[in-house]
Structures are given as structure tokens and as C-alpha cells.
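Contents: one structure, followed by commentary.
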Amino acid sequence: MVERAGRTQAVKSGVVVAVATGVMNAATYAFTLLCAHVLGPADYGAFAAMLGLVIVVNVLSLGLQATGARRVAETPGDRHLIEDKLMATSVRSGIALAIVCLAVSPVLAAVLQLDSWFLAALLAVPAFCFAIMGGQAGILQGEGRWLPLAVVFSSLGLARLGIGAVFLAFRPDALGAVVGGVAVAAVVPVVVGAAALRRASVQAAAESLPPASGRSHSRMVREALMSSHALLAFFALATIDIVVARTALDAHLAGIYAAGLILVKAVQFLPQFVTVVAFPAMARRGGGRRVRAAGLGLILLIGGTATVIVGIWGDLALPFVGGDAYGEVVPQLWVFATIGTLLASVQLLVYSALARAHHRAVLFIWGAVAAILVSTWWVDSVERLLLVTVSVDLALLLVLLVITRLGSTRPTADDLPARTPAAA
């Protein structure tokens, strides 16, 4: 009976997070399309480059989120200590990243051919805000407070679409208005997250939690950086094939491949809620393997279903990957869907490695990136690049599956109980 209730709760949690991530991604996609139509090719190219940099600085946020979620899930009784240290770490990390963004803004302005340094300097705002949001989301995720976490996720996409649209309405011809809208919108999820944490603190005070473990929970910066490093490697893996396409193929074939990558991202993000919900459970001792297996099975089911549908009715997906001009990609769309499924599965195992402190897994991820990059000399067609990408992603999936099955989290200095004068 208890197991059935647990499964029901897991389904409800998955639905809540799935809806939230769907709203966030849909709103972001809608905002991107709006900017493409309003700005025009020249300004949109610069805006797309700025959005790419926002994704890069967001990696630190994801690392902080993973760190907070893992520690809270392992030791819920330490919630208040973890929250204090994690939020302090998030603020310091956000300030440091914002300073870096400000320092390199002249270089970014020159490289991206922006009209002023101020536009590049605006990147510092989301850099700071996302670091704060990462700490907030990590605490909520670790405690399994899915509804507040879902609101934080949704507010990110909806704020970007709403505020960005307002800025565009007043200055439809100004790139700075759109970039400014993105910067202002980054503040919204931080405010929502702060409100959610205050409410969660009141609720936690009324609940019966396990006693504090006595751990010091130090070295959060180190763990956050290691987690960010692993996630950066994963994002590099997910994007390196388009770099190879632009290098090894002619412009037309590279464009055909890029159109297929739209489907890759769609299939990759479709089961993203599985990783979000499963991560805290994978961090708890004794529950990782079963949750990982169930999560991997669900991702393969969702991705496999999408692959079969695309394989049978590929023409129906063509409008979502660029339209008739990209008709050549239809026969390979099922392969692109397969790549999306493999990347979603690899992402789950990357988080499983982070949950169990298998930090050496990042070496294999970078190895996969290098393998695809080295294939540039051999790739001369879309089919060959697809073969390389599928083979490398599948090999990495199998390696990570073995790694995450072996051993468990090894205690580190910050995991041990704090020494007391009496114990010294």
C-alpha cells in the first residue's frame, strides 16, 4: 500500500514538473520566434549569440542546483544549515560571475559586433540572477517541493516572453530593448524562489524532520564547480555535432543537419522532468539504482515512442524543423529523434553520477566530445555525421551505465560530522 502511494506521488510530481518545464520551454521558444520575426536577420543573429552566452553562464546555476538538491536529499535534517551555506555560496558565485561578464564585455561587444559595451554588459544580470535561482531551486528540488519548483521554472519562461514582448512593443527596432527585457526577466524567478523558500521554511518548521546529521557542509563551491564542469561537458556533447557540421559539410548540408537538431532538442527536453524528479531520490543512499533504472526506462519509452512516430509520419514533423525548404531531412528525422533519446538518457546518468559523487565520469563525457570532434576529417555527409554521433552517444551511455552502477558516494571531508571540542 505504501509502495503504491509512493508511485502515485511520483506520477503526480512528474506531471507537475513536466507541465512546468513544458511551459518554460514553450514560452522560451515563442519568445525566440517573436524576436526572429521582429528584429530581422542581422539583429536576431546577435541576439541568438547573446542567448547562447546566457545558456553558458546558466551552467553554474545548474551546478549549484545539483549541489543543493543532493545535500538536502541526503540529509533533510540539515536543511537550514544547507540553505544558509548554499545561498551564501550562490550570492558569492553570482557576484564573481557577474564581475567576469562585466570585465569581458568589451571583448564580447567586439566579437559579436554589438553597437555598445552596455549590451554585452547586460549579460551580468542573468549571470547573477541565475546563480541565486540555482541555489533556491536546489533546496526545493532536494526537499521534493515540486509545485514551488514548478512555479520557479514556469516563471522563468513566462517572464522572458511577457517582459520581452513588452520591451519589443515599445522599441521593436532595438536589439538593446530585447536584451534588456531578458535581463529584467531574469529577476522574476529569483523573487518567486525567495517567496517559495520562505513558505517552505514555515512548513518545514511544522513538520517532523530527521535530526541534524552534524555534518559541516563545507566545500560547496568545490562541489558546485565540479557539478558545473560535468554539466558543461554534457552541453558541449549536445552541441559539438553542429560545430562539426559547419566545419566538415557545405553550407547547404550543414543547414539540413541544423534543422534536424531542432527535433533532437525537442525529444531531448521532452522527458526532462524525469531527471528533475529522479535526482533527489538518486542522491539518497540505497535508492539510487532502482530510481535510475526506472527513470532510464521511462526516458527510453518516451523517446522510443517519439522516434517511431517520427519514423512513420516524418512529413508531419517537417513544419517544426524549418518547413519545406528542409525536406531533404525527412528520411533521417528518426535518427535525429534517436539522438535526442540518447542525450536525454545520458543526461539522467550524468545526474546519477553527480548524485553519487562519481566525478570521474566527466572524463568520459569530454572523451565523447573529442571523439565527435576528431571525426571531422572523416565526415563528408549528413549520414556519416549521424552515424558518428549515434555511435559515440550510445557508447557513452553504456560506459556511464557501468560507472553509475559501481560503488556509492565516498565520504568527503564535508560529509563527515563536525568535530566538537569533546571529540577532539
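What follows is calculated from the coordinates using simple rules that are stated; it is not laboratory data. Quick caveat: nothing in here was measured; it's all calculated off a predicted structure. Here Cβ is always computed from backbone atoms with ideal geometry, including for glycine, and neighbour counts include all displayed protein chains.
Using the average count of surrounding beta-carbon atoms within 10 Å as a protection proxy, the listed peptides 337-344, 20-27 rank, highest first, as 337-344, 20-27.
Translational diffusion coefficient, Stokes-Einstein: compute it for the stretch 2-201 using the Kirkwood radius over C-alpha pairs as Rh, at 10 °C and 1.306 mPa s, and state it as an integer in µm² s⁻¹. Let's see the in-between values first.
Numbers: Rh = 17.6 Å.
Estimated via Stokes-Einstein, D reaches 90 µm²/s.
If the chain between Tyr29 and Asp315 were fully stretched, how many nm would it gain, using 0.36 nm times the residue separation less the Cα-Cα distance? Walk me through the numbers before you get to the answer.
Working: separation 286, 0.36 × 286 = 102.96 nm, distance 2.13 nm.
That pair, Tyr29 and Asp315, stretches by 100.8 nm at full extension.
A simple rule links phi to the HN-Hα coupling: the Karplus curve 6.51 cos²θ - 1.76 cosθ + 1.60 with θ = phi - 60°, which for the stretch 342-349 gives 5, 5, 4, 5, 4, 4, 4, 6 Hz, with x for Gly and Pro.
Take each peptide in 30-38, 158-166, count the other Cβ atoms within 10 Å of every residue, and average; sorted highest first, the result is 158-166, 30-38. Ordered by the number of other Cβ atoms lying within 10 Å of each residue's own Cβ, fewest first, Trp146, Trp377 fall into the sequence Trp377, Trp146.
For the chain, what does the helix formula give at 222 nm: sum of -39500 (n - 2.57) over DSSP H segments with n ≥ 4, over the residue count, nearest 500 deg cm²/dmol? Walk me through the numbers before you get to the answer.
Working: 17 runs with 335 residues, N = 424.
Calculated from helices alone, the mean residue ellipticity at 222 nm is -27000 deg cm²/dmol.
Relative to the Cα centre, the charge distribution of the chain, modelled as +1 at Lys and Arg Cβ and -1 at Asp and Glu Cβ, gives a dipole magnitude of about 1780 debye. Taking the longest Cα principal axis of the chain as reference, the axis of helix 2-39 is set at about 40 degrees. Against the set [x] 0.97; [y] 0.99; [z] 1.05, the structure's computed Rg/Rh (Cα atoms, Kirkwood Rh) falls on [x].
Against the chain, whose longest principal axis is taken from its Cα atoms, helix 124-143 shows a tilt of about 50°. Converting phi to 3J(HN,Hα) with the Karplus coefficients 6.51, -1.76 and 1.60 and the offset θ = phi - 60°, the stretch 354-360 yields 5, 5, 9, 6, 8, 6, 6 Hz in sequence order, with x at every glycine or proline. Report the normalised scattering of the stretch 220-405 as log10 I(q)/I(0) at q = 0.13, 0.14, 0.17, 0.20 Å⁻¹, calculated by the Debye formula with identical scatterers on the alpha carbons. Each listed q maps to, in turn, -0.66, -0.76, -1.05, -1.32. The HN-Hα couplings worked out from phi for the stretch 63-72 by the Karplus form 6.51 cos²θ - 1.76 cosθ + 1.60 (θ = phi - 60°) are x, 5, 5, 5, 4, x, 5, 5, 6, 5 Hz, whole numbers, x standing for Gly and Pro. Each residue in Phe47, Phe320 was given a count of other beta-carbon atoms within 10 angstrom of its own, and listing them fewest first yields Phe320, Phe47. Evaluated with a Cβ-only charge set (Lys, Arg +1; Asp, Glu -1), the stretch 2-201 carries a dipole of roughly 580 debye about its Cα centre, given to the nearest 20.
Can you give me the angle between helix 361-374 and the longest principal axis of the chain, using Cα atoms only, in degrees from 0 to 90, rounded to the nearest 10? Helix 361-374 and the main axis of the chain meet at about 10 degrees.
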